[in-house]
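Written below as structure tokens is the structure these notes are about.
Just so it is clear, none of the values below were taken in a lab; they were calculated from the coordinates. As the structure is a computational prediction, the values presented were derived from the model and not from experiment. Quick reminder, even Gly has a Cβ in these numbers, built from the backbone with ideal geometry, and neighbours come from all protein chains shown.
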Amino acid sequence: MNGEYSLDTTEGMAASGDPPTNNAVDDYDAEEALERQREEENKIKIKLKSFEGGVYECGLTAAKMSVMVANMLDALQETDLTKIATREPIPLQNDAVTNKALEKIVEWVDHHWDDPPIDPDFDDEKERRNEELSHWDKQFIDIADQGELFDIIAAANFMDIKGLVEVGAKHICNKIKGKSCTEVREMLKIHNDFTPEEEAAIHKENEWIYAKD
Amino acid sequence: MDTQEEMVDVVVHDNQMPQMYAKDSLDRFGDDMCEHILSYLTLEDRIRCECVSKQWQRLVYSNVRHITITAHLMSRNESDGYFYDKKIVAIMKKCPNIESIDCRPVWNCRIVETIIELRDNWRRLRRLDCHFLAFGKDIVDYWFRAIGSMVTELDLKGRTDSRRLLSLCPQLLRLNVDSLSHVFTESVDKQLLAKNLRHFGFALRLDTDFDVSMFDTFVAHNQSLRSLSVTIIPNNIITEFVTRVTRLPQLRELKLKTEVNTEYSISDCLREVAIKCPKLKKLGLEVIYTTQTPQLSVDVLNAIPVMKRLKRLDLNLNTFRRIDWRAFHGMNEWPKRFTHLSLHLWLNEYNLFQQIETNL
């Protein structure tokens, strides 16, 4: 039931210097071959290093869901992909990439690496935005510790994993649904920088939205 | 701000001094990230959240791409039982990047008129969904003259004037009509009014003036069709019909509502579709049972493994009869991209689910 929010993985592939692939591949056999290649490549494990120093292993195709990692691998100009596995871990230099966050991110890309690419001719962006998170993603992102949740979203954004950022954003918006300003502020620990007068003015303008059912 | 001093992020915020934000505070995110997160809010939640903080006030409307005007929203917009849309429109004017507005949940023609009048406010607006079935002929005529050249999707079910409206909409990509004859002129030479569509839905009934050559003409001029939805009541033409569907190589979605009886199996037809339309991703089958049909014919689903790219199957079985669950025997051979199976059943089919579970 997953795969509805996949980022366009062919984009990542193209960016990392693999054989040119685009969405217009018509031939099913060519698609199959590409898929097999992705499957093979995912058996190669690479190491990612968190900001805190923790090292986590991840399939190559899965790791390339991060556009940033894909670009870094591309910069290595390594033709023999198996050699990538023996390289030093790839350091992720952003303080949001904690051990916990990277562990979760690796779990997410390992689950989603073979999501089908988006078909721009058929998949509607608006529909995709409105579509609910899959059961797996819901359970994955339902994290009690809000600091950890925000780390994951910030780290996914830093690593440029669009699909995961989307999961995080949708999760937060689901939590905001139906809540009042005060409740939202409290939940997301947002500092209210309005003066009471300013707040009252906006409130008055939007009064109609608060009317009881 | 939270006081968990041991866990802090340093964020350079605009051109101010670096500020310290608690890790579990959404304030740690800069404008870009925050705007992206908030882009999944509904319009109603956005309005409610405008006064959360100055950052939110700045961002909550800037990234609005798609708006749905719900009945719930309209009912809040009501004063003494009288609808006025000024407030919604005022909010919408704050959203410069709207790409699509969906008014379908409300049957209010005033708000649609207002949006059309003010459309220059939204430079990216390229989609407006609304009902017009309830509107009078004069209003409809006026609208289609004004914006017909921009209309790309049209649902003309239940309208008798579809031919006239079609001729005013040269850019159509998606169309639903009651009958195939409605997309042809009534003159003797029967000119086709809908060409180069992407999505098309219609019904075939024996009592209408259907003749197979009409569908031939349609297929010839709509080679890039992505989705087709069709109701076929007399199933003796189904083989003839589906053979023509296979001439649409770009087809991604096929919805078929038909009778099933032992005489005309649709399994072979579907197999042909599977081979000739390799891009098929969604298949919908709604089966109307005739008295002769004993149960879901076991071979109806035989074609599924051949549909290599199939992701979704909607099966609607309008019957109180037991379904032969052996139809799901071959599930382990279904396409590996398959993610969604939707079943509309009238009876609790415990055996069926057991069968599905063991085969998944």
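The figures follow:
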{"quantity": "Among B:269-278, A:182-191, the order from most to least packed when residues are scored by Cβ within 10 Å on average", "calculated": "B:269-278, A:182-191"}
{"quantity": "23 Å Cα-Cα threshold exceeded, pairs from A:43/A:126; A:138/B:282; A:49/B:23", "calculated": "A:43/A:126; A:138/B:282"}
{"quantity": "Efficiency of FRET from Cβ geometry, residue B:121 and residue A:85, R₀ 56 Å, rounded to 0.05", "calculated": "0.50"}
{"quantity": "Gained length - residue A:173 relative to residue A:32, 0.36 nm times residue gap less alpha-carbon distance", "calculated": "47.1 nm"}
{"quantity": "Kirkwood-Stokes translational diffusion coefficient of segment B:106-260, alpha-carbon pairs, 37 °C, 0.692 mPa s, µm²/s", "calculated": "196"}
{"quantity": "Peptides B:244-255, B:186-197 ordered by average Cβ neighbours within 10 Å, highest first", "calculated": "B:244-255, B:186-197"}
{"quantity": "Using distinct alpha-carbon pairs, which all enter the 1/r mean, Kirkwood radius of segment A:9-177 in Å", "calculated": "16.8"}
{"quantity": "Cα→Cβ-extended label distance, 7 Å offset, between residue B:20 and residue A:180, nm", "calculated": "3.2"}
{"quantity": "Average beta-carbon neighbours from other chains, 10 Å sphere, peptide A:103-109", "calculated": "0"}
{"quantity": "Projected label distance in nm at residue B:196 and residue A:107, using a 7 Å step from Cα toward the beta-carbon", "calculated": "5.0"}
{"quantity": "Three-way shape call for segment B:210-259 based on the alpha-carbon gyration tensor, with the a/c threshold at 1.5", "calculated": "oblate"}
{"quantity": "Residue mean of other protein chain beta carbons inside 10 Å, A:200-206", "calculated": "3"}
{"quantity": "Per residue Cα convex hull volume in Å³ - calculated over segment B:64-197", "calculated": "113"}
